[in-house]
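Worksheet: one structure, shown below.
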Amino acid sequence: MDIAEQLQKIGQTAREEMSAADSADVLEKLRVHYLGKKGELTSILRGLKDLSREEKREVGGQANKLKTELDRIIEDRREELSSAISIDSSFDFTLPGRPRHYGHRHLVTIVMDQINGIFQRMGFEIADGPDIESDYYNFEALNFPPDHPARDEQDTFYVEGGSLLRTHTSGVQIREFEKRKPPVKIIAPGKVFRNEAVNARSYCVFHQVEGFYVDENVTFGDLKGVLEAFCYEFFQESVQLRFRPSFFPFTEPSAEVDVRCFLCNGKGCSLCKHEGWLEILGCGMIDPEVFKAVGYDSDKVTGYAFGIGVERPALLKHRVNDIRLLFENDIRFIKQFR
Ligand SMILES: [Zn+2]
């Protein structure tokens, strides 16, 4: 076999082997085998010195061409191997994926959004106020006298420096009245805090949606209409309501609204304290003293205010019998309400 034939044979085998190399190690071994110092092609190039000038030129040309070609094949193959994703053959691509667990809104947030939505559709704007409030906004401007029992530390959490954790979102009323002129039609949803014994009906923190409307000729009839419309939409048309006379320092006259307990159908249970009714909101006509504090003319304007607890309607609507479940964050409970 002359040298030209040898070159052709080496070239053919080398090309096939290099293209089939399945790792960088195998490729390197092939490089050494053909192009290394003692490699097959190198030996042939070394043997050129024994040939005639003419043969040297011809065979040398072919050998160099082959060397360049093999160098390029090695380089290309090396790149291919490094960019290929290594696939574990034991992996079963037909297996179903693991489901992702997405979070969702908490029941309290869902219900608060529903309440807000109903009032927004009735033309109320949403306003916000701070959780840590001053005595002025929480009590004084709302006509709570200095000796009112609600100011007692037994009912209110005080913060260093005389501030307190707001006991209702009614303070937002004052903040908004200071900024605006009537007509004012606003709801103020948020968290409130009371130093109360924790039981199935009460918790030391809960949520409230305060609403108020001030304009000329606003009547108690308007208030009743708005609250009835709310209850019929939030619960159902057949909900039974009861307006009871009550007292709040910042409204006169005042009332509380009870709904027939859904859980026991009025027969009495632990949620309704065996009364068959559950109080869900307080309301009334805004006291002229409050208007005086914010500079509104109580001869010209009247207004109503109401405060709806969020947790109790949530419990009633979803037939949950203990408010504590809403705050314990047990995922088995929470994930039932999406
Ligand atoms: Zn009941």
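The values are calculated or read from the model by the stated rules, or taken from the named source; none is laboratory data. This one's a predicted model, so the numbers in the text were calculated from it and none came from an experiment. When we count neighbours, we look across all protein chains shown, and the Cβ atoms used for this are built from the backbone with ideal geometry, even at glycine.
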- Would you pick out the residues in the stretch 218-243 that are touching a residue at least 24 places away in the same chain (Cβ under 8 Å), among the charged types (D, E, K, R) and away from the ligand (no atom under 16 Å from the Cβ)? ASP222, GLU233
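Working only within the stretch 251-283, note down all residues that are among the small types (Gly, Ala, Ser) and either more than 36 Å from the chain's Cα centre (by Cα) or over 27 Å from ALA200 (Cα atoms) (or both).
Hits for the stretch 251-283 are SER254, ALA255, GLY266, GLY268, GLY276.
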- Query: Exactly one of (1) touching a Ser or Thr at 6+ places or on another chain (Cβ under 8 Å); (2) of a type outside the set (Gly, Ala, Ser); (3) without any contact (Cβ under 8 Å) to a residue 60 or more places away in the chain is unmet by LEU81. Its number?
  - Reply: (3)
- Task: Tell me, please, whether a residue that is more than 16 Å from the ligand (Cβ to nearest atom), at pLDDT 90 or above, in a loop (DSSP other than H, G, I, E, B) and under 23 Å from GLY123 (Cα atoms) can be found in the stretch 203-217.
- Result: yes
- Query: Are any residues in the stretch 97-136 hydroxyl-bearing (Ser, Thr, Tyr) and within 23 Å of VAL294 (Cβ to Cβ), and if so, which ones?
  - Reply: SER134, TYR136
- Message: Looking at PHE93, PHE124, can you tell me which residue is among the aromatic types (Phe, Trp, Tyr) and in contact (Cβ under 8 Å) with a residue 60 or more places away in the chain?
- Response: PHE124
- When the stretch 282-308 is examined, which residues are found to be surrounded by fewer than 21 Cβ atoms within 10 Å (Cβ to Cβ) and either within 23 Å of GLY268 (Cβ to Cβ) or of a type in the set (Lys, Arg) (or both)? LYS292, LYS300
- Restricting attention to the stretch 214-225, does a residue exist that is of a type in the set (A, V, I, L, M) and more than 37 Å from the chain's Cα centre (by Cα)? yes
- Looking only at the stretch 273-305, which residues are free of Cβ contacts under 8 Å to residues at least 12 places away in the same chain and within 16 Å of the ligand (Cβ to nearest atom)? HIS274
- Taking the stated definitions as given, is ARG57 over 60 Å from the mean Cα position of the chain (by Cα), more than 30 Å from LEU325 (Cβ to Cβ) and assigned to a helix (DSSP H, G or I)? yes
- Item | Residue selected from the stretch 201-230 under the condition over 22 Å from ALA293 (Cβ atoms) and in contact with a Pro (Cβ under 9 Å, 6 or more places away or on another chain), by the criterion surrounded by the fewest Cβ atoms within 10 Å (Cβ to Cβ) | HIS207
- Message: So, in the stretch 163-200, how many residues would count as being crowded, with 18+ Cβ neighbours inside 10 Å and part of a loop (DSSP other than H, G, I, E, B)?
- Response: 7
- From the residues in the stretch 132-146 that are farther than 13 Å from ARG175 by Cβ and among the aromatic types (Phe, Trp, Tyr), which one is surrounded by the fewest Cβ atoms within 10 Å (Cβ to Cβ)? PHE144
- Among the residues of the stretch 106-122, is any modelled with pLDDT of 90 or more, surrounded by 12 or more Cβ atoms within 10 Å (Cβ to Cβ) and in a loop (DSSP other than H, G, I, E, B)? yes
- Just one of (1) buried (at least 22 other Cβ atoms within 10 Å of the Cβ); (2) within 16 Å of the ligand (Cβ to nearest atom) trips up LYS267, so point out which. (1)
